[in-house]
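Below: the structure, in structure tokens.
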Amino acid sequence: MIIDLQAGEYVIKEIRKHWFYLVLKAFGLFFACVLLVGIVYGIMNYVSDLLVVQGDSGYLYLFLLAVLIFLAWLSFFAFFTKYYLDYWIITNRRIIDMDLIGFFHENISTVHMHDIEDIEIEKKGLFQTLIGFGSLSLQSAGAIRTFFIRDVPNPDKLKDEIFKLHEVAMEEPHKVIISNPT
Amino acid sequence: MIFPFGLDLAFTVSPLLLWIVFAVLCIFYGVMSMIFMYHWNKHGHGKILFVRSVYFVVTISLLALIAILILLYSQSI
């Protein structure tokens with residue numbers, strides 16, 4: 001486990017963005033590739049006088065296509081890694097946001113269940129409404145005032161689950177440290 | 001094609017050039033795989049074995065295909 005759980009704390013679930021987000025990225029990549037193939041083909045024809053192709057040009061075209069597919073494949077896995085590493089861990093006491101901003105830039109933020117004051121759901125656009133995913137914004141009394149959980153499946157159900165955990169957390173006794181100024 | 005001022009920009013696509021591109025792709029693949037593996041091991045907890053297998057099998061197949069195409073191109077000279 002990447003996070004240190006407190007005594008009595010256990011993981012309830014890990015949430016990732018909806019798969020539609022990944023499919024959308026894959027489609028974007030596919031169309032970018034198709035566009036790139038067209039551009040490369042056009043350039044190759046335009047500069048055909050400049051290119052001295054020693055062998056069969058058919059193999060050269062296939063080579064370029066294979067290189068493009070290879071790069072697109074690696075790019076898709078870069079998207080997948082970003083998708084997989086951008087997730088939320090819900091424990092009985094906290095919600096932890098693991099955010100991979102870049103491959104070498106991670107951001108981990110936490111909101112405690114007992115700090116949650118309000119949860120707002122947003123489903124924006126046709127796909128989010130039809131497929132059933134959306135974003136949650138949690139108003140918190142902690143250091144992070146607004147905590148976002150974006151593009152997750154079934155935000156309504158998740159909201160209910162978080163509220164239940166919030167209620168349980170509120171019933172638990174808290175350790176309060178009062179510092180003595182003297 | 002000879003450009004103005006006698007500038008000749010003709011570019012020869014030799015098999016050596018394609019092998020250099022292949023070598024660059026292999027290095028790029030190695031670096032990216034190391035980064036992916038680091039993150040998948042750190043966050044994956046062994047859950048994405050299927051994804052890893054697909055990634056490595058397809059990527060190595062694509063590299064093999066590229067190498068075969070370079071060989072075919074070399075032999076067609």
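The values are calculated or read from the model by the stated rules, or taken from the named source; none is laboratory data. Given the structure is predicted, the values throughout are model-derived calculations rather than measurements. As a convention, Cβ positions derive from the backbone with ideal geometry for all residues, glycine included, and neighbour counts pool all protein chains shown.
Sub-8 Å Cβ pairs linking a first residue in segment B:65-77 that is more than 7 Å from chain A (Cβ to nearest Cβ) to a second residue that is in a helix (DSSP H, G or I), at least 6 apart or interchain, are B:Ala67/B:Phe22, ordered by first then second residue.
Which of the following residues is within 29 Å of B:Leu18 (Cα to Cα) and either without any contact (Cβ under 8 Å) to a residue 24 or more places away in the chain or surrounded by fewer than 16 Cβ atoms within 10 Å (Cβ to Cβ) (or both): A:Leu71, A:Leu100? Please lay out each step first, then the result.
Numbers: A:Leu100 fails: within 29 Å of B:Leu18 (Cα to Cα).
Going through A:Leu71, A:Leu100 in turn, just one is within 29 Å of B:Leu18 (Cα to Cα) and either without any contact (Cβ under 8 Å) to a residue 24 or more places away in the chain or surrounded by fewer than 16 Cβ atoms within 10 Å (Cβ to Cβ) (or both): A:Leu71.
The residue list A:Val47, A:Val34 contains one member that is without any contact (Cβ under 8 Å) to a residue 40 or more places away in the chain, surrounded by fewer than 14 Cβ atoms within 10 Å (Cβ to Cβ) and more than 21 Å from B:Leu25 (Cα to Cα), which is A:Val47.
Just the residues that are part of a strand (DSSP E or B) and modelled with pLDDT under 85, please, taken from segment A:77-106. Show your work before the answer.
Residues of segment A:77-106 that are part of a strand (DSSP E or B), as a first pass: A:87-91, A:94-102, A:105-106.
Hits for segment A:77-106 are A:Asp99, A:Leu100, A:Ile101, A:Gly102, A:Glu106.
Residue check: is A:Lys82 more than 23 Å from B:Tyr55 (Cβ to Cβ) and either in contact with a Phe, Trp or Tyr (Cβ under 8 Å, 6 or more places away or on another chain) or within 11 Å of chain B (Cβ to nearest Cβ) (or both)? Write out each step before concluding.
Details: more than 23 Å from B:Tyr55 (Cβ to Cβ): no; either in contact with a Phe, Trp or Tyr (Cβ under 8 Å, 6 or more places away or on another chain) or within 11 Å of chain B (Cβ to nearest Cβ) (or both): yes.
So A:Lys82 does not fit the description; no.
Of all residues in segment A:107-130 being touching a Ser or Thr at 6+ places or on another chain (Cβ under 7 Å) and over 25 Å from A:Val23 (Cβ atoms), which is surrounded by the most Cβ atoms within 10 Å (Cβ to Cβ)? Can you show your working first?
We begin by selecting, within segment A:107-130, every residue touching a Ser or Thr at 6+ places or on another chain (Cβ under 7 Å); these are A:111, A:115-117, A:120, A:122-123.
This time we only want the ones that are over 25 Å from A:Val23 (Cβ atoms), so: A:111, A:115-117, A:120.
Numbers: A:Val111: 23, A:Asp115: 19, A:Ile116: 21, A:Glu117: 11, A:Glu120: 13.
This residue is A:Val111.
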